[in-house]
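Working notes, structure below.
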């Protein structure tokens, strides 16, 4: 049932692609949002698009997290002001890394802390309360 609702939401929000470039952007955005909603299904409860075409993920707490500020940013600017689109822009290599990565190729370094705080906790005590013991098999 939840999958059907997500399909309906995506259809309603993005029913009119205009150009090939914007269509590619929309496809990537939908893929990114779907990945986030699948990965954080207990924390992301909705999607919202405002009158200015800004797309937000709505967290369980009600907090809105902007998908893309639509600014052309340098790597340093992305480090200091990351949005969800920036965070998901670089893909992790699927093969072992056997060379030095290209300059500014650093997947995982760009983080949206508002999302991470929703998922893992707002402060040290809430993060610690969510920790689970894991048996690593080392005796």
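Any read-out appearing in this document is the output of simple, stated calculations on the displayed coordinates, not a laboratory observation. Please read these numbers as outputs of a predicted model, since none were measured by experiment. Cβ placement follows ideal geometry from the backbone for every residue including glycine, while neighbour counts extend to all protein chains displayed.
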Any idea what the alpha-carbon Rg over 2.2 N^0.38 Å comes to for the range 53-96? 1.38
Take each of the peptides 90-100, 32-42, average the number of other beta-carbon atoms within 10 Å over its residues, and list them starting from the highest. 32-42, 90-100
So how do 64-75, 118-129 stack up, highest first, on mean other-Cβ count within 10 Å? 64-75, 118-129
